[in-house]
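Student: Let me give you the structure first, and then I'll get to my questions.
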Amino acid sequence: MKKFIIIPLLLTSFLFSCGGNTGGDATYQVTWDLANGSAPIVETYKKGEMPKYPGYEPILIEKDEEARRNGEREFCKWFEEWDHEIVPVTSNTTYKAIYSEADKRLIVTTITIPGGVKSGNHIEFNYEFLDWIDKDMFINWGDDDCTTFEELKDTNKAEHNYHPEDETTQAVKISIYGSVKALSNIHIDVSGGPVLINLSNTFFTIPEGCFEYTRGIKSVMIPKSVISIGWQAFNGCEDLKTVTFERGSELEKIDSYSFKDTALDNIVIPKTVTFIGTRAFENTKLTEVTIPASVTTIEEGAFGNCSLLVKFNVDKNNEVYSNYTSEGANTYSILEKQGDRLVAGCRGSVIANGTKIIGREAFGKVQFLGEAKINFPSSVVKIESDAFAESNLVEITGDISNVTSVGSYAFSMTKITEVNIPKSVTEIGLGAFTGCTELTKITVADDNPVYEDGGDNGNSIIEKESHRLIAGCTGATIPNTVTSIDIEAFAGMGITSITIPDSVTDIEHSAFYGCFNLEEVNFGTNPKVKTLRQAVFSRSGLTSVTIPKSIEIIGESAFFTCEELTSVAFEAGSQLKEIDLQAFMMCPKLETVNLTSFTSTDSNDVPKLIYDTAFSYCSDNLKFYVISEEVKNAFMNAPGSEWSTHEDRFVVGSPSSL
């Protein structure tokens with residue numbers, strides 16, 4: 001399960017508001033009206049500049065009313081030109097897209113893959129309607145050049161048949177002959193219309209990614225010869241609702257992500273299946289699942305985020321799994337008999353007495369019924385990683401006095417409001433409560449041997465021996481006994497301000513990542529932190545920040561995408577040595593970087609800007625303020641530095657005096 005991963009964004013264009021339109025620096029708005037339902041693109045150009053459309057050529061997709069009713073076809077209009085000639089800018093101008101006449105798009109109704117196809121490499125089916133002739137379909141066969149179906153037919157590899165009833169409808173059948181030995185990764189570009197996949201009765205394996213993200217597939221019949229459905233075989237087939245298995249199915253393996261993100265609402269798992277992989281049925285519309293006696297392995301998250309799933313049934317003859325605890329209580333979940341470990345739950349599940357372990361991702365993304373509470377029996381001793389992550393869980397009730405371990409991200413991004421750590425808990429994993437925006441109270445039992453909560457208004461979890469704060473929440477106060485703040489300790493929390501005491505020497509990466517409400521960070525009078533690590537305040541709500549004098553390095557993406565940040569200053573006596581990649585990138589309101597605390601005219605003494613992207617995609621009005629022309633020259637000539645790329649943004653003087 002992904003947690004607060006930083007993904008740097010590369011933009012091809014950025015929008016800024018128009019400035020004045022008088023004088024030598026006049027600017028004007030150029031509006032690109034795509035005329036296809038998309039928002040217009042507005043850009044600013046200086047007088048005399050030649051405007052250039054910043055994206056790919058637009059297209060217009062339309063359906064007529066009959067097509068909407070029958071779901072059979074749609075029309076595509078291709079971009080031809082703008083409504084008037086593009087010329088250098090002299091005033092505010094709008095260009096409107098003009099499209100061609102509509103093309104009829106192909107509707108695939110049947111794909112048949114015969115028994116000769118056993119395994120293999122890569123085939124892509126891309127449909128481009130040219131005319132009602134045989135040349136309008138192409139196959140990419142392995143590393144060969146694009147080949148027409150007619151050429152493949154000549155080599156006994158494939159054939160296709162058209163059955164157009166008239167010029168407004170078209171049925172297509174594709175067959176691949178038994179002589180074909182290599183097949184995987186079929187990508188079908190279709191628009192509208194149902195697609196039925198028929199696999200021949202000697203087809204052994206549906207390869208990984210074979211039909212991934214194919215639109216229009218609504219029904220699949222799996223022949224009895226298939227023993228394995230590969231990794232991501234039907235992943236993202238958003239129209240796939242029905243999967244049936246031929247009588248006498250020999251299927252053994254349903255691999256990871258096989259049916260993830262489909263519309264599947266019912267499935268009868270064959271009685272020969274032994275393996276169900278990670279997230280195999282995640283985010284489907286299943287309401288009830290029966291696990292046959294043959295299944296011996298169910299990996300984490302196999303049925304995660306199935307918002308309609310209310311019940312699991314496990315065959316009573318299954319030797320590995322059961323609905324019942326060793327004490328005979330029905331959980332409506334899937335439990336491993338050995339160890340009473342709950343491996344998959346749903347919105348209708350209960351954690352019955354006798355359950356000892358809540359497995360990894362067991363309730364991940366589950367939308368609980370009613371008040372979204374979960375009751376713990378006293379038998380529970382361990383909560384594994386991601387056990388309740390991204391669920392709508394609001395409250396934990398019952399008896400948690402015997403829990404000894406809480407895994408990484410176990411309750412991350414839930415709706416819980418209060419956490420009580422009993423004395424029995426001696427292990428808490430990374431980010432156990434990350435992203436719990438509603439969490440306002442954390443307490444730790446006074447007699448817990450490993451953790452404490454920081455006392456009055458501490459609202460944190462702190463390791464006693466290392467003085468490391470591993471989790472905080474809204475309303476937390478960092479006590480002056482804390483020496484380090486752990487990875488993602490406050491990430492995604494609802495805090496509005498925080499004070500870092502002088503006792504803190506280290507703040508780990510992503511510690512305050514995603515604190516969208518965080519407007520203010522204060523450091524003590526004698527700060528000891530030397531590095532602001534990767535993404536430490538990224539995506540926070542900071543409006544201004546003063547970097548304390550102790551900081552030597554501002555790390556990669558430290559303030560990435562702080563969308564409300566307007567100004568950055570450096571404390572007098574700053575020891576700053578370098579600003580790293582994307583440190584302040586994507587701060588669109590950042591206009592002021594006050595460097596006047598740096599007074600040395602020696603280019604070896606000023607901080608280095610390691611990458612010019614540190615301030616990319618900030619405000620058009622961004623300025624760097626220095627105290628003298630000599631200091632500016634020191635910045636421009638700093639060895640191994642990229643300040644010179646921003647030379648035109650440097651201003652001599654302080655922001656307040658200008």
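Student: Would you mind calculating the gained length between Lys316 and Ser219 on full extension (0.36 nm times residue separation, minus the Cα-Cα distance), in nm to one decimal? Intermediate values should be presented prior to the final figure.
Tutor: Working: separation 97, 0.36 × 97 = 34.92 nm, distance 3.03 nm.
In short, 31.9 nm is gained.
Student: Can you compute the modelled spin-label distance between Glu371 and Ser654, with each label point 7 Å from Cα toward Cβ, in nm?
Tutor: For Glu371 paired with Ser654, the spin-label model returns 5.8 nm.
Student: Can you send over the carbon and sulfur percentage of the accessible area for the stretch 374-468, probe radius 1.4 Å, protein chains only? Write down the numbers at each step before the final one.
Tutor: Values: 1730 of 3860 Å².
With neighbouring chains kept in place, the figure for the stretch 374-468 is 45 percent.
Student: First select every other residue whose beta carbon is under 14 angstrom from the beta carbon of Glu519; then total the charges, Lys and Arg +1, Asp and Glu -1.
Tutor: -1
Student: Mind checking the full-extension length gain between Thr481 and Ser619? Use 0.36 nm per residue of separation minus the Cα-Cα distance, one decimal, nm. Walk me through the numbers on the way to the answer.
Tutor: Numbers: separation 138, 0.36 × 138 = 49.68 nm, distance 3.95 nm.
Gain in length upon complete extension: 45.7 nm.
Student: If you count, for each residue, the other Cβ atoms within 10 Å and average over each peptide, how do 605-614, 384-393, 409-418 line up from highest to lowest? Can you show the working numbers first?
Tutor: Working: 605-614: 20.2, 384-393: 24.4, 409-418: 22.5.
By packing density, highest mean first, the sequence is 384-393, 409-418, 605-614.
Student: Could you give the nm distance between label points at Asn526 and Thr601, where each point is 7 Å from its Cα heading toward the beta carbon?
Tutor: 3.5
Student: Continuing with the same structure: Just to be sure I follow the rule: in the stretch 273-426, considering lysines 8 or more places apart or on different chains, how many pairs have Cα atoms under 12 Å apart? Each step should come with its number before you reach the end.
Tutor: Values: Lys316/Lys337; Lys337/Lys356; Lys356/Lys382; Lys365/Lys415; Lys373/Lys415.
Lysine pairs, 8 or more places apart or on different chains, close enough: 5.
Student: I'd like the distance separating the alpha-carbon centroids of the stretch 626-658 and the stretch 25-53, in whole Å.
Tutor: 32
Student: To the nearest 0.05, what FRET efficiency results for Leu308 and Asn402 with a Förster distance of 25 Å applied to their C-beta separation? Let's see the in-between values first.
Tutor: Working: r = 33 Å, r/R0 = 1.32.
So the FRET efficiency works out to roughly 0.15.
Student: Here's a follow-up. At what distance in angstrom do the alpha carbon centres of the stretch 327-344 and the stretch 495-555 lie from each other?
Tutor: Cα centroid to Cα centroid, the span is 44 Å.
Student: Taking 0.36 nm per intervening residue step and subtracting the Cα-Cα distance, what contour gain separates Asp83 from Asp446 on full extension? Before the final figure, lay out the partial values.
Tutor: Values: separation 363, 0.36 × 363 = 130.68 nm, distance 7.40 nm.
Answer, rounded to one decimal: 123.3 nm.
Student: Of all accessible surface on the stretch 200-359 at a 1.4 Å probe, what whole percent is carbon and sulfur?
Tutor: Numbers: 2930 of 6370 Å².
Carbon and sulfur together cover 46 percent of it.
Student: Taking θ = phi - 60°, what integer Hz values does the Karplus form 6.51 cos²θ - 1.76 cosθ + 1.60 yield along the stretch 487-494, in sequence order, with x for Gly and Pro?
Tutor: For the stretch 487-494, the Karplus curve yields 4, 6, 4, 10, 4, x, 7, x Hz.
Student: Within 15 Å, Cβ to Cβ, of Thr601, how many net charges do the neighbouring residues add up to if Lys/Arg are +1 and Asp/Glu are -1? Can you show the working numbers first?
Tutor: On the way: positive: Lys632; negative: Asp602, Asp605, Glu629, Glu630.
My count for the surroundings of Thr601 gives -3.
Student: What is the packing order of peptides 288-295, 80-87, 30-37, taking the mean over residues of other C-beta atoms within 10 Å and listing the highest first?
Tutor: Going by the mean number of other Cβ atoms within 10 Å, highest first, we get 288-295, 30-37, 80-87.
Student: While we're on this one: On a C-alpha basis, how far is the centre of the stretch 359-381 from the centre of the stretch 389-447 in Å? Whole number, if you could?
Tutor: Using only Cα atoms to place each centre, the spacing works out to 12 Å.
Student: Additional query: Relative to a virtual label point 7 Å from the Cα of Asn457 in the Cα→beta-carbon direction, which members of the stretch 480-514 show backbone nitrogen distances below 18 Å?
Tutor: The answer is 480-482, 494-503, whose backbone nitrogens lie closer than 18 Å to the label point.
Student: Accessible area per residue of the stretch 520-559 at 1.4 Å probe, in Å²?
Tutor: Values: 1460 Å² over 40 residues.
Each residue of the stretch 520-559 exposes 36 Å² on average to a 1.4 Å probe.
Student: Across all directions of projection, what mean area in square nanometres is found for the Cα convex hull of the stretch 387-528?
Tutor: Mean projected area of the Cα convex hull: 7.7 nm².
Student: Then there's this: Show me the ranking of peptides 535-542, 351-358 by mean Cβ neighbours inside 10 Å, starting with the highest. The partial results should precede the final answer.
Tutor: Values: 535-542: 24.9, 351-358: 21.5.
Packing order, densest peptide first, comes out as 535-542, 351-358.
Student: Can you list residues from other chains, or at least 5 along the same chain, whose modelled amide H is less than 5 Å from the amide H of Ala569?
Tutor: Under 5 Å from the amide H of Ala569 lie the amide H atoms of Val545, Thr546, Ile547, Asn594, each far enough along the sequence or on another chain.
Student: Between Thr645 and Ser497, with labels modelled 7 Å along Cα→Cβ, what's the label distance in nm to one decimal, could you check?
Tutor: With each label placed 7 Å out from Cα toward Cβ, I get 3.7 nm.
Student: Rounded to the nearest 0.05, what FRET efficiency is calculated for Glu571 and Glu418 with R0 set to 30 Å and r the Cβ-Cβ distance? Mind dumping the intermediate values first?
Tutor: Details: r = 37 Å, r/R0 = 1.25.
It comes to 0.20.
The values are calculated or read from the model by the stated rules, or taken from the named source; none is laboratory data. Nothing here was measured: the structure is a model prediction, and the numbers come from that model. As a convention, Cβ positions derive from the backbone with ideal geometry for all residues, glycine included, and neighbour counts pool all protein chains shown. Each accessible area value is taken on the protein alone, full model and side chains, heavy atoms only, with ligands, DNA and RNA left out. Shrake-Rupley method; radii C 1.70, N 1.55, O 1.52, S 1.80 Å.
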